[in-house]
Amino acid sequence: MDFKTLVNSRHSVRKFTPKEIEADKLELIFESAQKAPSAVNFQPYKVYAIKSNDKLEAIKSCYHREWIKTAPIILLITGNHSMAWKRGGDNKDFTDVDAAIFADHITLQAAELGIGTCWVCNFDVNAVSELLELSAEEEPICLLPMGYPANTEIPPKKRKSIDEIVVWI
Ligand SMILES: Cc1cc2nc3c(=O)[nH]c(=O)nc-3n(C[C@H](O)[C@H](O)[C@H](O)COP(=O)(O)O)c2cc1C
């Protein structure tokens, strides 16, 4: 699949079949995530692959939308603020930026394999931290429910025009 086809095919999937994702595909997804760039190459992130029944049910209860219940696996991306690069001058913390690129590599590699994902940030962060006993420095950034899409149609992309997002100077 060329890159243009890939970015056009990746979309938020909110209904999955119960089919488990094969181990070799999960491995490939994590290998692609591993190659993500990060500020000063500090790699201040982790991905928790949550598939055991009790933890999966518990993590699903941290996001109150019915559709998440169809996901056979949920990835949690965390960012560790104590490991991230802080820019001199304004001390900006790049945890979110690094974690977002890491997560994006996951969603794109998954899409290339025909596996659906959806970014979820509107979840109960404190409940997730408690459930996985995360340290104060490790912030849950996003959930990525993942699985084979129940509906294989690719919806049209609703996006701003190129003129609205590109500034030529
Ligand atoms: C940072 C971020 C947070 C998001 N949070 C949620 C969420 O909590 N729930 C949800 O259903 N979709 C969430 N989305 C998915 C967006 O709604 C979706 O990416 C956007 O509408 C574009 O659609 P597409 O992914 O199908 O191209 C999130 C996306 C991003 C990038």
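Okay, here's what the table says:
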{"item": "Answer residue from region 44-76, given it is of a type in the set (Ser, Thr, Tyr) and buried (at least 16 other Cβ atoms within 10 Å of the Cβ) and is nearest to the ligand (Cβ to nearest atom) among those", "result": "TYR63"}
{"item": "Candidates GLY147, GLY114, GLY79 - the one that is surrounded by 20 or more Cβ atoms within 10 Å (Cβ to Cβ) and more than 16 Å from ILE59 (Cα to Cα)", "result": "GLY79"}
{"item": "Qualifying positions in region 109-128 - within 15 Å of GLY147 (Cα to Cα) and touching a strand residue (DSSP E or B) at 6+ places or on another chain (Cβ under 9 Å)", "result": "ALA110, ALA111, GLY114, ILE115, GLY116, THR117, CYS118, TRP119, VAL120"}
{"item": "Selection from region 1-50 of residues that are on the phi > 0 side of the Ramachandran plot and either touching a His at 6+ places or on another chain (Cβ under 7 Å) or of a type outside the set (A, V, I, L, M) (or both)", "result": "ASN41, GLN43"}
{"item": "Options LEU56, LEU108, LEU76: the member that is free of Cβ contacts under 8 Å to residues at least 60 places away in the same chain and under 21 Å from SER12 (Cβ atoms)", "result": "LEU56"}
{"item": "Residue match in region 73-91 (condition: in a helix (DSSP H, G or I) and more than 22 Å from GLU133 (Cβ to Cβ))", "result": "no"}
{"item": "Selected residue (only one of PHE94, PHE123 is crowded, with 16+ Cβ neighbours inside 10 Å, aromatic (Phe, Trp, Tyr) and more than 10 Å from the ligand (Cβ to nearest atom))", "result": "PHE94"}
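Per-residue answers, yes or no, for (1) charged (D, E, K, R); (2) surrounded by 12 or more Cβ atoms within 10 Å (Cβ to Cβ); (3) within 15 Å of the ligand (Cβ to nearest atom):
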residue	(1), (2), (3)
PHE102	no, yes, yes
ALA110	no, yes, yes
GLU138	yes, yes, no
SER161	no, no, no
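Computed from the coordinates by the stated procedures, all read-outs in this text should not be read as laboratory data. None of these values were measured; they are calculated from a predicted model. Note that we place each Cβ from the backbone using ideal geometry, even for glycine, and neighbour counts take in every protein chain shown.
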